[in-house]
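Asks: Below is the structure I would like to discuss, written out as structure tokens.
What follows draws every value from the coordinates through simple rules; no lab data is involved. Nothing here was measured: the structure is a model prediction, and the numbers come from that model. Virtual Cβ from ideal backbone geometry, glycine too; neighbours counted across all protein chains shown.
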Amino acid sequence: MEESRTSHLLKSKVGVGLSKSIRTLKNFKPWRKPKFWSRLSIFLLLAMFLTTGGITLYISSLDISKLQTPLAQPSFLYDQKDNRISQLSSSRIEPVSGQQIPLIMKNALIAVEDRRFYDHQGVDLRSIARALIRDLKSGDFSEGGSTITQQLAKNFFLVSDKTITRKLKEAAYALKIETVLEKDEILVAYLNQIYFGEGKWGLQNAAQLYFGKSAEKLTLEESALLAGLIKSPNNYSPLRSKEKSLAQRNLVLSLMKEQNYITPTEYEKAIVQPIILKKEVTSDLSGQYAPYVDYVIEEAIELIGFTEEQILNGGLQIYTQMDPSVQKAAEDVYKDSSFFPSGKADQIVQSGVVVIDHTTGGIKGLVGYRGKEVYRGFNHATALLRQPGSAFKPLAVYAPALEKGYTPDSSLNDSPLNIDGYAPTNYDNQYRGKVTMQEAIRHSMNVPAVWLLNEIGIENGVDFATRSGITLEKEDHGLPLALGGLDKGVSPLQMAQAYGVFANLGVMNKAYAISKITTKDGSVLFQAEPDAVQVTTPSVAYMMTLMLQDVVTNGTGKNANLGRPTAGKTGSVELPIDDPQFSGISKGEKDVWFVGYTPELTAAVWMGYDKTDSTHYLTTAGGAEPAGVFREILSRALNATPIVPFEIPQDYIEQNKLSNKMRKWFEDKLNPKDQDSKNEDSDDNDNNDDDDKDKGNGKDKKR
């Protein structure tokens, strides 16, 4: 009973307390107190301050340095006559400056894309409000309302999703951009990177594609057409629908008239103009002469010191020694597989060719590979190092022998030879006893070459090759040097440069492709300097030319005969006999060469497999396909060039005058007058007999 009374009393007290609390809350009206409003005002101001400060801080933290970085400028290559031949760039855009963009183009853009461009600070609240209302109604946030500055921000910094978050970020970036860039800078940046359809980005590319002209030459109606493309490039492209493009262009013109960018008269005149595409056809230079361009890039990087980024995007003007007729001839021949040995399904026979002007060293043409073009792929014309075979004999043996007083008529030994265990053999394993130097080189005999190098001294052969620009290793200082048995080998470029010594009367001009590099405004960054070396006398060089002409006319190089003065030498390198994988292969070559020249040009051709093995080797010789490629390229390149003989140097003329006088004196003393002509006839007949006997013989193992 007592417990029940206590419980009832407790409930009564709780009820009374709750009632009082409710009455107190009902009577609590803080807005009736002056302090409430002052405190609320402070709170709201503080919240606004913090929000504004946060937004300001966020906007200021945004990085728009990408916009301030100069756009990549393409570099251009020029040929030997300063004609623009190729364009280099890693960018899809060819930018133009504000001065190059016509005012009418800028006005057309503003009229159609952002009529209040000069009135807002990056975000147009009126446009956003209109767009937001439409977006809320549709629910897909697809409505526009973005200013040119916002579009620029989106294209540079944001993904193209249609969300409120992206639009808020877009607005923030736009506000930041407007604090850093001038209005005209914003227009230029926008026009340089916006898409104009048909795979073309930027105003310059669009102007060239649609009208065949540079951006600075755009007319009113052309500017209006391009401005109209931006909203829907694929839909309004004049290459797809001239009707839609014309209607869109005229809409832009009407907006320009409405906004007072053009007068009614200008409008009426412009809208009746038809769309005329490509008044001036311009060629796309990108990708032109790729094999030569690849080497130019290598030379600029490796020999001059530029970076690849500077070359591709620095707006450089690169002047080269390239002759388009020579380069085209080389590229055309290298695209025709009929001029090359048949390869295997998994590996083609590779090749490289260099053509230089030996009077200057200028590289006139170059192809460094066969097959699919690969940007800066391995260059078999300049980077390859292979044994040159008998093509090295003139450099390591015969020219230094001429310097030592030997002549083309000098007698050489062609008998079995073994010098300290080195026993070379001729290709046909035959020996002819005594042969002249002329005969030995004509038929590319091995034994006489080794015998002669031993006679004049190995170091004399090393010295001449080194003076001719060939880098030799310590391992090369031996008798195998006579047959091109080098440790590392040589490149076609090195061989062409070295043979230029003979073609240029003893003077070697260092081979080069780049004549000059300037900035876009013409400031010279690099200028090639002449680099000529007197390697030997004009007389020695000319005697070498006479013997190498005989190789082409009567010897192993007949397939290189151009029907004009031509000199050259074949080279073939056998498979290594000490390699077990080649055992049982009786006829096989690893590398084949032809190096030759005319009075105008010198060229070197190499052929072989990138990887030689028991299933990938050659069964041809330097006098076959390499000589044929040489002939075909130079025939095409020199087709319009008058035929001239090799120049006879004065010192050779003087030496031979003296020799002829001495010979006549001895003949007069030793022979009766009436026997003189008879003996001369007999000598001539003997020489002809020797020629007939040796023709077709004397193929060597390293020809």
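Asks: FRET efficiency for GLN650 and LYS81, Cβ-Cβ distance as r, R0 = 41 Å, nearest 0.05?
Replies: Values: r = 32 Å, r/R0 = 0.79.
Plugging the Cβ-Cβ distance into 1/(1 + (r/R0)^6) gives 0.80.
Asks: Next question. For the stretch 547-656, what percent of Cα pairs sit more than 23 Å apart?
Replies: Numbers: 2400 of 5995 pairs.
Counting pairs separated by more than 23 Å, the tail of P(r) holds 40 percent.
Asks: Let me ask something else about it. Under the Kirkwood approximation applied to all pairs of distinct alpha-carbon atoms, what is the hydrodynamic radius of the stretch 590-648 in Å?
Replies: Values: mean 1/r = 0.0767 Å⁻¹.
One over the average 1/r among Cα pairs gives 13.0 Å for the stretch 590-648.
Asks: Okay, moving on. Please work out the Cα center distance from the stretch 493-521 to the stretch 424-462, rounded to the nearest Å.
Replies: Between the Cα centres of the stretch 493-521 and the stretch 424-462 lies a distance of 31 Å.
Asks: Greater than 29 Å separation of Cα atoms is the criterion. Which listed pairs, LYS335/LYS364; LYS404/LYS516; LYS242/LYS269; LYS213/LYS244, meet it? Before the final figure, lay out each step's value.
Replies: Numbers: LYS335/LYS364 18 Å; LYS404/LYS516 40 Å; LYS242/LYS269 19 Å; LYS213/LYS244 23 Å.
Violating the 29 Å Cα-Cα cut-off are LYS404/LYS516.
Asks: In whole Hz, what ³J(HN,Hα) sequence does the stretch 208-221 give by Karplus (6.51, -1.76, 1.60; θ = phi - 60°), x for Gly and Pro?
Replies: Each residue's phi maps through the Karplus curve to give 5, 5, 7, 10, x, 8, 7, 4, 5, 9, 5, 8, 4, 5 Hz.
Asks: Could I ask something else about it? Would the stretch 424-578 count as rounded, prolate or oblate if I go by the C-alpha gyration tensor, calling it rounded below 1.5 in a/c and otherwise prolate when a/b exceeds b/c, oblate otherwise?
Replies: Details: a/c = 2.16, a/b = 1.72, b/c = 1.26.
It is prolate, given that a/c is not under 1.5 and a/b is the larger ratio.
Asks: Related question: Would you tally the net charge around PRO233, using a Cβ to Cβ cut-off of less than 13 Å, leaving PRO233 out, and scoring K and R as +1, D and E as -1?
Replies: Working: positive: LYS200, LYS231, ARG240, LYS244; negative: GLU198.
That sum, taken over residues with Cβ under 13 Å, equals +3.
Asks: Return a whole-number percent for the relative contact order of the stretch 354-510, with Cα pairs under 8 Å and 6 or more residues apart as the contact set. Spell out each step's value before the answer.
Replies: Values: 251 pairs, mean separation 51.2, N = 157.
Reported as a whole number, the value is 33 percent.
Asks: All other residues with a Cβ under 11 Å from the Cβ of ASP332 taken together, and with Lys, Arg as +1 and Asp, Glu as -1, what is their net charge? Before the final figure, lay out the partial values.
Replies: On the way: positive: LYS328, LYS335, ARG636; negative: GLU331, ASP336, GLU632.
Cβ neighbours under 11 Å give a net charge of 0.
Asks: Could you tell me the extents of the stretch 413-497's C-alpha atoms along the three principal axes, largest first, rounded to whole Å?
Replies: The principal-axis extents, from largest down, are 34, 27, 21 Å.
Asks: Further question: Put a dot 7 Å past each Cα toward the Cβ at LEU385 and GLN310; how far apart are the dots in nm?
Replies: Distance between the two pseudo-spin positions: 2.7 nm.
Asks: Amide H neighbours of TYR609 under 5 Å, at least 5 residues apart or on other chains, H built in the peptide plane: list them.
Replies: Counting only residues 5 or more places away or on other chains, the set is GLN350.
Asks: Taking the Cα atoms of the stretch 494-577, report the difference between the largest and smallest coordinate on each principal axis, in whole Å and largest first.
Replies: Extents along the principal axes, in whole Å: 54, 36, 30.
Asks: In percent, what relative contact order does the stretch 556-659 have, based on Cα pairs under 8 Å that are 6 or more apart in sequence?
Replies: 31 percent.
Asks: Holding the Cα-Cα limit at 19 Å, pick out from LYS488/LYS558; LYS257/LYS278; LYS372/LYS510; LYS154/LYS231 the pairs that are longer than that. Working shown, then result.
Replies: Working: LYS488/LYS558 29 Å; LYS257/LYS278 26 Å; LYS372/LYS510 30 Å; LYS154/LYS231 15 Å.
Check vs 19 Å cut-off fails for LYS488/LYS558; LYS257/LYS278; LYS372/LYS510.
Asks: Also, I was wondering about something else. Can you list the HN-Hα couplings for the stretch 598-613, worked out from phi with the Karplus curve (6.51, -1.76, 1.60; θ = phi - 60°), rounded to whole Hz and with x for Gly and Pro?
Replies: Computed from phi, the couplings for the stretch 598-613 are 10, x, 9, 9, 10, 9, 10, 10, 10, 9, x, 8, 4, 10, 8, 8 Hz.
Asks: Also, I was wondering about something else. Would you kindly calculate the translational diffusion coefficient of the stretch 339-383, applying Stokes-Einstein with the Kirkwood radius from alpha carbon pairs, for 10 °C and a viscosity of 1.306 mPa s, and quote it in µm² s⁻¹ without decimals? All intermediate terms of the calculation are to be shown ahead of the outcome.
Replies: Numbers: Rh = 12.0 Å.
The diffusion coefficient I find is 133 µm²/s.
Asks: Further, regarding this structure: Out of residues 5 or more away from TYR512 or on other chains, whose amide H comes under 5 Å of its own, with H placed 1.01 Å from N in the peptide plane?
Replies: Counting only residues 5 or more places away or on other chains, the set is GLY362, ILE363.
Asks: Can you run phi through the Karplus equation (6.51, -1.76, 1.60; θ = phi - 60°) for the stretch 457-474 and list ³J(HN,Hα) in whole Hz, with x for Gly and Pro?
Replies: So the Karplus estimates, Gly and Pro as x, are x, 4, 5, 5, x, 4, 4, 5, 4, 5, 4, 8, x, 8, 7, 10, 8, 4 Hz.
Asks: Right, here's the next one. How are the alpha carbon pair distances in the stretch 450-496 distributed across 10 Å bins from zero to the largest one, expressed in percent?
Replies: That works out to 28, 59, 13, in percent per bin.
Asks: Mind listing the long-range amide H neighbours of LEU525? Cut-off is under 5 Å, sequence gap 5 or more, other chains count too, H placed in the peptide plane at 1.01 Å from N.
Replies: When sequence neighbours closer than 5 places are left aside, the close amide H contacts are ILE517, THR518, THR519.
Asks: How far apart, in nanometres, would the label points at ASP579 and LEU158 be if each is projected 7 angstrom from Cα along the Cα-to-Cβ direction?
Replies: 6.3 nm
Asks: Points 7 angstrom from Cα along the Cβ direction at PHE378 and ALA640: gap in nanometres?
Replies: 3.8 nm
Asks: Then there is this: When 1/r is averaged over all different Cα pairs and the result inverted, which Kirkwood radius in Å belongs to the stretch 285-335? Before the final figure, lay out the partial values.
Replies: Working: mean 1/r = 0.0832 Å⁻¹.
Computed over Cα pairs of the stretch 285-335, the Kirkwood hydrodynamic radius comes out at 12.0 Å.
Asks: Additional query: Quick one: net charge around SER90, please, counting Lys, Arg +1 and Asp, Glu -1 for every other residue with C-beta under 11 Å from its C-beta. Walk me through the numbers on the way to the answer.
Replies: On the way: positive: ARG92; negative: GLU308, GLU309.
Surrounding charge for SER90 is -1.
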